[in-house]
1. Placing unit charges on C-beta atoms (Lys and Arg positive, Asp and Glu negative, everything else neutral), compute the dipole magnitude of the stretch 148-225 about its Cα centre in debye, rounded to 20.
2. Among Gln218, Gln93, Gln249, determine the one that fluctuates most according to a GNM of the chain built with springs between C-alpha atoms less than 10 Å apart.
3. Just the number, please: percent antiparallel of the DSSP beta bridges in the chain, rounded to the nearest 5.
4. In the chain, if the dipole is taken from +1 on Lys/Arg beta carbons and -1 on Asp/Glu beta carbons about the Cα centre, which of Pro160, Val7, Phe110 is farthest to the positive end?
5. Sorted from largest to smallest, which semi-axis lengths in Å does the alpha carbon gyration tensor of the stretch 192-291 give for its equivalent ellipsoid, taking the root of 5 times each eigenvalue?
6. Counting Lys and Arg as +1 and Asp and Glu as -1, each charge on the Cβ, what is the dipole of the stretch 5-371 about the Cα centre in debye, to the nearest 20?
7. Give the order of Met158, Met264 when sorted by the count of other beta carbons within 10 angstrom, beginning with the fewest.
8. Output the peptides 315-321, 31-37, 131-137, 265-271 sorted from most to least packed, where packing is the average of other Cβ atoms within 10 Å over each peptide's residues.
Amino acid sequence: MNSQWDVAAYVWPSYTGDEPRTRGFWPEGNGEWQTVKNATTGTHPELRQPLWGYGNEADPKVMEMQISEAVKHGVNTFIYDWYWYDGRPFLEQCLNNGFLGAKNNEQMNFYLMWANHDVGNTWDKRIAHFEDNIIWRGAVQEDEFIRMSERIIEKFFMRPNYYQIEGAPVFAIYEIANFLAGFADLDTAKAAIESFRARTKARGFSGLNLQLIVWTLQDFEVTHQGKKVTMPVNELSNFLGFDSVTHYQYVHFAKLNRDYAEIMVDVVKEWHLISEKFEATYFPHVSIGWDNQIRYSVKRDSNRPENSEIFNNPPAEIEGALQAAKAFLIEKGLNPQLVTINSWNEWTECSYLEPDKLHGYGYLEAIARTFT
């Protein structure tokens, strides 16, 4: 692969039964494969039917094959959705046992995106329609953030294939609002970030590349210097010292229920807008698709953004999006030339690169044609 390009795909680490706490959501014992297996009917029964089968992605043998195929097709980095609830990690087996246990794992880089959202009933199809129940809160307070980040430095940053930008390990934060909710005020949150950065630097790195997952340009109410103030997300990013920015999913900022080609017109505009508004470097994001209806037992209101869909997204359309991201990287002269992709394996949200029975290896081949 041409090392000029860093192609990073998010990994949803739920396709395993090795995490005991997942049995409450997926009692069959194979993680969210349970939901995927029970949703293979419809206009295209091939959709969401994995060519590689319903493998345990915490099994190093399974991941050795996946790493080989990823690298072969131009994906050289995995971004692991990483969770921390009730004072300990959640769904970490896919990374620890699967990816890091694979004999060929150092052929790829990886980094963490702290998926610090609250957890309700969404993962449990039997009761997903009950929306107001919170099982775990994603926010952590200052002392726990220090303990959590210290573990991240020692367990992951020190790995030779942990992804770095100019000698600084990259660590992404999914929800800025939930991050701030753990601290007394904005100034305390900034001090916690500066501590994280200093402790990372003390281990011999050039610093910490803190990456913000931006959803859309929105304002946040925060407490700063003892006063309630409204701060746009780009100013918030600047104040806290984020180094880079990317997106996670088109559903967070684009109007869906349209064809992929139409959506991409707005997506490219968003790339340029975010790049102009933020001091931090914006790396372009490409989503493969979106449709999370199979997580529910009844059809949801498709007029709500989270229940909307992306239509007509064959590999040819995805290749066009990848080419647009490549052109953006060249135009902006970014270093590294990093593009984030949703995702490697989000089968329940219909946004995956792994081959299925409808498109085969089409999405992976689109990456190979664009970046290798």
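1. Here the stretch 148-225 has a charge dipole of around 520 debye.
2. The residue that fluctuates most here is Gln218.
3. Among the beta bridges of the chain, antiparallel pairing accounts for roughly 35 percent.
4. Farthest towards the positive end: Pro160.
5. Equivalent ellipsoid of the stretch 192-291: 29, 18, 11 Å, largest first.
6. In debye, rounded to 20, the stretch 5-371 gives about 400.
7. So the ranking, lowest neighbour count to highest, is Met158, Met264.
8. Details: 315-321: 19.1, 31-37: 22.0, 131-137: 11.1, 265-271: 16.0.
With the highest mean Cβ count within 10 Å placed first, the list reads 31-37, 315-321, 265-271, 131-137.
Every read-out reported here was derived from the displayed coordinates using simple, explicitly stated rules and does not represent laboratory data. Because the structure is a prediction, the values reported are computed rather than measured. Note that we place each Cβ from the backbone using ideal geometry, even for glycine, and neighbour counts take in every protein chain shown.
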